[in-house]
Amino acid sequence: MKIRYGGDYNPEQWPPGVADEDHRLFDEARIDTLTVGVFTWALTQPAPDVYDFTTLDRIIERAAVAGRRVCLATGTGAHPAWLARAHPSVTRTDFEGRKHRFGQRHNSCPSSPEFRRFSAEVARRIARRYAGHPAIIAWHVGNEYGGACYCELCAAAFRQWLRDRHGSLEALNHAWYTTFWSHTFTNWDQIEPPNALTEHWRGPDHTAFQGITLDYLRFMSDAMLTNFRDEKAAIRESDPDTPITTNFMGLYRPIDYHRWAPHLDFASWDNYPPDDRSPARMALAHDLMRGLKDGQPFWLMEQTPSVTACRDVNPLKRPGVMRLWSWQAVAHGADAVLFFQMRAGRGASEKYHGAVIGHAGRSDTRVFREITALGTELEHLGPATLGARTPARVALLFDWDSWWALEISDGPSRLVKYLDVVTTHHQALWQLGADVDVIAVTAPLDAYDVVVAPALHMIKGDLADRLSAVAARGGTVVTTFLSGRVDQDDNAFRTDVPGPLAPLFGVRVDEWDAREASFVNPVTLLGSRFESRLLFELVIPQGAEVVGTYEADFYAGTAAVTRNDFGAGHAWYVGACLDPAGVERVIREILTRHGLLGPCAGLHGVETATRVAPDGTSFLFVLNHNTAPVDLPPLDGIDLLTGEPAGTLDPYGVVVLQTRPASRT
């Protein structure tokens with residue numbers, strides 16, 4: 001047993017003889033796991049009543065003969081042309097109301113009875129044929145679920161979803177605040193999907209009725225989850241045990257992965273960061289994926305070995321970066337490191353996407369040599385970190401409802417983006433070396449000394465009470481501007497901002513000032529000066545201590561950041577949109593109080609993360625994201641990759657230190 005290593009393999013795109021050369025190269029690179037069949041629906045089912053397993057048989061048997069394991073996909077990430085022609089309902093209607101014809105992918109209507117029937121049936125037939133095959137270690141349903149549909153089928157399904165959620169038109173009208181603009185509904189059939197033809201202008205984030213749009217976002221996420229569950233149920237008819245997953249996309253707005261997580265046997269995701277300068281953002285996504293299943297290890301299902309092909313600019317991973325980012329995934333909980341793609345396709349939109357093996361099939365490229373070196377390291381590591389958990393005492397709350405509600409809101413500022421606020425706070429935790437669980441607002445908080453809840457716009461259920469309990473027992477809670485504003489239906493609380501959070505934080509907010517991005521109001525915070533932009537809440541202490549004040553405008557000298565004593569702990573309210581240095585100053589103060597600063601907290605661009613194996617053995621990962629070497633402080637343990645103590649860490653360098661068994665107190 002070891003960390004799974006390999007990736008998406010599409011030999012159906014090449015002549016059959018190429019596979020022999022591929023597997024020879026896979027042996028050389030220590031590749032042990034292949035994801036196959038992701039887009040083979042048209043080959044597996046070339047006509048409504050015809051199933052042809054020739055291609056999958058050949059691929060799976062060739063992998064098995066080579067001793068490799070298979071993550072077998074259902075192939076339903078893109079439907080075949082014959083299905084769209086025979087049943088036009090399977091294609092989507094877009095936000096502007098245009099009915100799509102066959103083409104691309106992510107073009108299947110999740111509410112189409114024909115799509116649901118045929119996708120479940122092909123999954124059923126594949127599972128029936130291959131269940132129990134010794135090479136198959138996981139099932140892969142669909143591919144990168146996403147997008148939205150606004151057709152009449154979705155409209156009807158949305159109405160039924162609303163009946164199930166709200167129960168009555170009276171409750172729905174109340175939730176949607178429909179006395180505004182004469183929107184009171186007297187019949188379920190009057191309800192339309194919110195799109196460019198109904199409630200929206202200037203795109204999906206500009207809506208007249210946030211409650212309607214918010215519910216449609218929830219509905220569409222649930223509708224695609226139903227597609228996943230259809231196929232999972234079909235697989236389970238033949239295979240009750242092999243784990244089933246689908247590949248998430250990390251920090252992806254359209255799908256609420258917390259609602260999906262209970263239905264996956266393990267989480268997996270595709271890591272394609274927007275640039276090559278965002279290691280903290282990738283760490284956030286890894287932590288989020290790990291948090292979906294209560295800290296259970298995840299699979300890194302896809303990453304490019306070198307370049308992507310879908311952006312306007314596709315930077316090349318510098319020498320060492322592929323290895324560094326792969327180890328970063330392992331450091332944050334990955335038990336598999338997989339790539340897209342194993343061999344480059346010759347045509348269509350991904351022919352220039354990076355691959356382990358290029359078009360020429362060479363083994364002497366830099367990329368292949370790096371893949372081989374990493375495969376050797378993972379083989380040397382063996383099973384040491386498999387199943388290891390992150391012993392986090394810090395939680396960061398991540399909430400799709402708050403993300404959606406904040407960004408479809410008219411005011412205070414469309415320049416404030418949920419993900420920007422969250423990533424700034426996570427980056428501070430990351431830079432200071434704290435191990436962090438990124439969790440849902442519904443998750444238990446008992447295990448954490450620090451809970452960071454940036455832009456906690458929506459307060460649902462008993463969250464305010466559970467946050468108060470953290471502080472009462474001696475912990476620290478942090479939240480920011482635009483928190484505690486609305487209830488689960490996106491209606492403002494009939495009380496002072498921050499609504500149910502006010503007693504915990506000991507503040508009141510009557511006014512807020514939004515400005516263009518170039519406007520700066522400095523904040524004096526804990527003896528230092530930091531910039532704040534975009535949004536400035538005028539915080540009125542109601543028992544809280546002022547620790548940061550504005551320097552400019554008519555509210556100069558008033559509170560921007562406060563700290564409230566609550567029980568045995570503290571609650572920090574950050575009312576100004578501070579720059580990253582200001583956020584890091586707040587987080588450093590909090591982590592220091594709890595003794596949670598990491599061993600390399602003073603080293604810029606040096607990341608640390610801890611995993612603890614089931615037997616109590618602890619592993620400290622140290623990663624250098626800098627282009628220059630870094631001298632590390634004294635660290636316990638021996639580097640499992642070199643057998644030496646840690647010293648100077650090379651550019652893009654990695655050490656994995658095995659330390660004494662962790663305390664089981």
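If you go through the range 478-498 one residue at a time, how many are buried (at least 21 other Cβ atoms within 10 Å of the Cβ) and not charged (D, E, K, R)?
Result for the range 478-498: 10.
Of all residues in the range 66-97, count the ones that are assigned to a loop (DSSP other than H, G, I, E, B), over 30 Å from the mean Cα position of the chain (by Cα) and either under 21 Å from Leu43 (Cβ atoms) or not assigned by TED's automatic domain parsing to the domain that holds Pro46 (or both).
Applying the first criterion (assigned to a loop (DSSP other than H, G, I, E, B)) to the range 66-97 yields 66-68, 74-80, 87, 92, 94-97.
In the following step, the residues that additionally are over 30 Å from the mean Cα position of the chain (by Cα) were identified as 66-67, 87.
Retained after the next criterion (residues that are either under 21 Å from Leu43 (Cβ atoms) or not assigned by TED's automatic domain parsing to the domain that holds Pro46 (or both)): 87.
Adding up the residues that qualify gives 1.
It is to be established whether one or more residues within the range 347-362 are assigned by TED's automatic domain parsing to the domain that holds Ala471, within 25 Å of the chain's Cα centre (by Cα), among the hydrophobic types (A, V, I, L, M, F, W, C) and assigned to a loop (DSSP other than H, G, I, E, B).
Here is the first cut: in the range 347-362, the ones assigned by TED's automatic domain parsing to the domain that holds Ala471 are none.
No: zero hits.
Using the structure shown, decide if Ile126 is surrounded by fewer than 20 Cβ atoms within 10 Å (Cβ to Cβ) and in the same structural domain as Thr226 (by TED's automatic domain parsing). Walk me through how you get there before you give the answer.
On the way: surrounded by fewer than 20 Cβ atoms within 10 Å (Cβ to Cβ): no; in the same structural domain as Thr226 (by TED's automatic domain parsing): yes.
No; evaluated as a whole, the condition is false for this residue.
Before we move on, is Val438 buried (at least 24 other Cβ atoms within 10 Å of the Cβ), modelled with pLDDT of 95 or more and touching a helix residue (DSSP H, G or I) at 6+ places or on another chain (Cβ under 6 Å)? It would help to see each step written out before you state the result.
On the way: buried (at least 24 other Cβ atoms within 10 Å of the Cβ): yes; modelled with pLDDT of 95 or more: yes; touching a helix residue (DSSP H, G or I) at 6+ places or on another chain (Cβ under 6 Å): yes.
Spelling it out, Val438 is indeed buried (at least 24 other Cβ atoms within 10 Å of the Cβ), modelled with pLDDT of 95 or more and touching a helix residue (DSSP H, G or I) at 6+ places or on another chain (Cβ under 6 Å).
Counting just the residues of the range 452-477 that are β-branched (Val, Ile, Thr) and within 12 Å of Leu501 (Cβ to Cβ), which one comes out surrounded by the fewest Cβ atoms within 10 Å (Cβ to Cβ)? Lay out the reasoning, then the answer.
As a first pass, look at the range 452-477 and keep what is β-branched (Val, Ile, Thr): 452, 459, 470, 476-477.
Remaining after also requiring within 12 Å of Leu501 (Cβ to Cβ): 459, 477.
Details: Ile459: 24, Val477: 31.
Here the answer is Ile459.
Quick one: would you say Tyr177 is modelled with pLDDT of 95 or more and assigned by TED's automatic domain parsing to the domain that holds Asp265? Lay out the reasoning, then the answer.
On the way: modelled with pLDDT of 95 or more: yes; assigned by TED's automatic domain parsing to the domain that holds Asp265: no.
When the stated conditions are applied, Tyr177 does not pass them.
Of all the residues that make up the range 508-536, how many are out of contact with any Asp or Glu (no Cβ under 7 Å at 6 or more places or on another chain) and under 21 Å from Asp565 (Cβ atoms)?
Looking only at that region, the number is 2.
Residues Asp57, Asp52: which one is at pLDDT 95 or above, farther than 21 Å from Phe339 by Cβ and outside any helix (DSSP H, G or I)?
Asp52
Those residues that are touching a residue at least 24 places away in the same chain (Cβ under 8 Å), β-branched (Val, Ile, Thr) and under 22 Å from Pro412 (Cβ atoms), I need them from the range 542-601; list them, please.
Matches in the range 542-601: Thr549, Val561, Thr562, Val574, Val583, Val586.
Please specify each residue of the range 411-435 satisfying the condition of being in a loop (DSSP other than H, G, I, E, B) and either modelled with pLDDT under 95 or touching a Lys or Arg at 6+ places or on another chain (Cβ under 9 Å) (or both). Step through it out loud before you land on a result.
First, the residues of the range 411-435 that are in a loop (DSSP other than H, G, I, E, B): 411-417, 432-435.
Listed by number, the residues that qualify are Gly411, Ser413, Leu415, Leu432, Ala434, Asp435.
Evaluate the following for Leu406: is it of a type in the set (A, V, I, L, M) and surrounded by fewer than 21 Cβ atoms within 10 Å (Cβ to Cβ)? Walk me through it before giving the result.
Working: of a type in the set (A, V, I, L, M): yes; surrounded by fewer than 21 Cβ atoms within 10 Å (Cβ to Cβ): no.
In short, no.
Quick check on the range 580-619: of everything there that is β-branched (Val, Ile, Thr) and more than 23 Å from the chain's Cα centre (by Cα), which residue is farthest from Lys2 (Cα to Cα)? Walk me through it before giving the result.
Of all residues in the range 580-619, those β-branched (Val, Ile, Thr) come to 583, 586-587, 590, 592, 606, 608, 610, 612, 617.
Filter again for more than 23 Å from the chain's Cα centre (by Cα), leaving 586, 590, 592, 617.
Numbers: Val586: 40, Ile590: 38, Thr592: 36, Thr617: 16 Å.
Within the range 580-619, the match that is farthest from Lys2 (Cα to Cα) is Val586.
Which count do you get for residues in the range 292-343 that are at pLDDT below 95 and either basic (Lys, Arg) or crowded, with 21+ Cβ neighbours inside 10 Å (or both)?
Counting residues in the range 292-343 that are at pLDDT below 95 and either basic (Lys, Arg) or crowded, with 21+ Cβ neighbours inside 10 Å (or both) gives 1.
Give the range 35-74 a look and list any residue that's free of Cβ contacts under 8 Å to residues at least 60 places away in the same chain and either crowded, with 22+ Cβ neighbours inside 10 Å or of a type in the set (S, T, N, Q) (or both), or say none.
Val36, Thr40, Thr54, Thr55, Ile59
Sort through Val654, Val622 and tell me the only one that's under 25 Å from the mean Cα position of the chain (by Cα), within 18 Å of Thr390 (Cβ to Cβ) and without any contact (Cβ under 8 Å) to a residue 40 or more places away in the chain. Reasoning before the result, please.
Values: Val654 fails: without any contact (Cβ under 8 Å) to a residue 40 or more places away in the chain.
It is Val622.
Could you list all residues from the range 51-84 that are among the hydroxyl-bearing types (Ser, Thr, Tyr) and touching a Ser or Thr at 6+ places or on another chain (Cβ under 7 Å)? Spell out how you get there, then give the answer.
Taking the range 51-84 as the starting set, the residues that turn out to be among the hydroxyl-bearing types (Ser, Thr, Tyr) are 51, 54-55, 74, 76.
Listed by number, the residues that qualify are Tyr51, Thr55, Thr76.
When you scan the range 26-34, do you find a residue that is among the aliphatic types (A, V, I, L, M), assigned to a strand (DSSP E or B), free of Cβ contacts under 8 Å to residues at least 40 places away in the same chain and surrounded by 21 or more Cβ atoms within 10 Å (Cβ to Cβ), even just one? If you could, list the steps in order and put the result at the bottom.
Taking the range 26-34 first, the residues among the aliphatic types (A, V, I, L, M) are 29, 31, 34.
Keeping just the survivors that are assigned to a strand (DSSP E or B) gives 34.
Remaining after also requiring free of Cβ contacts under 8 Å to residues at least 40 places away in the same chain: none.
Within the range 26-34, none of the residues are among the aliphatic types (A, V, I, L, M), assigned to a strand (DSSP E or B), free of Cβ contacts under 8 Å to residues at least 40 places away in the same chain and surrounded by 21 or more Cβ atoms within 10 Å (Cβ to Cβ).
Pick out, from the range 436-541, the strands (runs of 3 or more DSSP E) lying fully within it that include 1 or more residues that are in contact (Cβ under 8 Å) with a residue 60 or more places away in the chain and farther than 23 Å from Leu284 by Cβ.
Numbers: elements: 436-439, 450-453, 476-480, 507-514, 523-525, 528-530, 532-541.
Hits in the range 436-541: 507-514, 523-525.
Any idea which of His87, His100, His79 is free of Cβ contacts under 8 Å to residues at least 60 places away in the same chain and closer than 20 Å to Thr246 by Cα? Steps first, answer last, please.
On the way: His87 fails: closer than 20 Å to Thr246 by Cα; His100 fails: closer than 20 Å to Thr246 by Cα.
From the options His87, His100, His79, the qualifying one is His79.
Taking the condition of being of a type in the set (Phe, Trp, Tyr) and under 16 Å from Ala64 (Cβ atoms), how many residues in the range 1-48 meet it?
Of the range 1-48, the ones of a type in the set (Phe, Trp, Tyr) are 5, 9, 14, 26, 39, 41.
If we keep only those that are under 16 Å from Ala64 (Cβ atoms) too, we end up with 9, 26.
So the count comes out to 2.
Please work out if Ser111 is hydroxyl-bearing (Ser, Thr, Tyr) and in a helix (DSSP H, G or I). Show your work before the answer.
Values: hydroxyl-bearing (Ser, Thr, Tyr): yes; in a helix (DSSP H, G or I): no.
Here the answer is no, as Ser111 does not meet what is asked.
Please find, among Leu172, Leu162, the residue that is modelled with pLDDT of 95 or more, closer than 23 Å to His263 by Cβ, part of a helix (DSSP H, G or I) and not assigned by TED's automatic domain parsing to the domain that holds Asp487. Walk me through it before giving the result.
Details: Leu172 fails: closer than 23 Å to His263 by Cβ.
Exactly one residue qualifies, and that residue is Leu162.
Can you name the residue in the range 105-121 that is surrounded by fewer than 22 Cβ atoms within 10 Å (Cβ to Cβ) and in contact (Cβ under 8 Å) with a residue 24 or more places away in the chain and is also farthest from Thr40 (Cα to Cα) among such residues?
Filtering the range 105-121 for residues surrounded by fewer than 22 Cβ atoms within 10 Å (Cβ to Cβ) gives 105-107, 113-114, 116-117, 120-121.
Still in the list and also in contact (Cβ under 8 Å) with a residue 24 or more places away in the chain: 105-107, 113-114, 116, 120-121.
On the way: Arg105: 13, His106: 15, Asn107: 16, Pro113: 21, Glu114: 18, Arg116: 17, Ala120: 15, Glu121: 14 Å.
That would be Pro113.
Examine the range 357-371 for a residue that is of a type outside the set (Phe, Trp, Tyr), buried (at least 21 other Cβ atoms within 10 Å of the Cβ) and touching a strand residue (DSSP E or B) at 6+ places or on another chain (Cβ under 6 Å), and state whether such a residue exists.
To start, the set of residues in the range 357-371 that are of a type outside the set (Phe, Trp, Tyr) comprises 357-367, 369-371.
Next cut, buried (at least 21 other Cβ atoms within 10 Å of the Cβ) only: 357, 367, 370-371.
Still in the running and touching a strand residue (DSSP E or B) at 6+ places or on another chain (Cβ under 6 Å): 357.
Checked against the condition, which is being of a type outside the set (Phe, Trp, Tyr), buried (at least 21 other Cβ atoms within 10 Å of the Cβ) and touching a strand residue (DSSP E or B) at 6+ places or on another chain (Cβ under 6 Å), the range 357-371 yields at least one hit.
Being crowded, with 22+ Cβ neighbours inside 10 Å, over 30 Å from Leu56 (Cβ atoms) and free of Cβ contacts under 8 Å to residues at least 60 places away in the same chain, is that true of even one residue in the range 176-183? Let's see the steps before the verdict.
In the first step, residues of the range 176-183 are kept if they are crowded, with 22+ Cβ neighbours inside 10 Å; the result is 176.
Now drop any that are not over 30 Å from Leu56 (Cβ atoms), which leaves 176.
Checking which are free of Cβ contacts under 8 Å to residues at least 60 places away in the same chain leaves us with none.
No, the range 176-183 contains no residue that is crowded, with 22+ Cβ neighbours inside 10 Å, over 30 Å from Leu56 (Cβ atoms) and free of Cβ contacts under 8 Å to residues at least 60 places away in the same chain.
State the number of residues belonging to the range 363-377 that are of a type in the set (Asp, Glu), over 19 Å from Asp8 (Cβ atoms) and outside any loop (DSSP other than H, G, I, E, B). Before the answer, list the steps.
Here is the first cut: in the range 363-377, the residues of a type in the set (Asp, Glu) are 364, 370, 377.
Those left that are additionally over 19 Å from Asp8 (Cβ atoms): 364, 377.
With the extra rule that they be outside any loop (DSSP other than H, G, I, E, B), the set shrinks to 377.
Adding up the residues that qualify gives 1.
What's the number of the only condition in (1) within 27 Å of the chain's Cα centre (by Cα); (2) surrounded by fewer than 16 Cβ atoms within 10 Å (Cβ to Cβ); (3) of a type outside the set (Ser, Thr, Tyr) that Trp201 fails to meet?
Only one criterion in (1) within 27 Å of the chain's Cα centre (by Cα); (2) surrounded by fewer than 16 Cβ atoms within 10 Å (Cβ to Cβ); (3) of a type outside the set (Ser, Thr, Tyr) is unmet by Trp201, namely (1).
The values are calculated or read from the model by the stated rules, or taken from the named source; none is laboratory data. All values derive from a computational prediction rather than experimental measurement. Cβ: placed from backbone, ideal geometry, glycine included. Neighbour counts: every protein chain shown.
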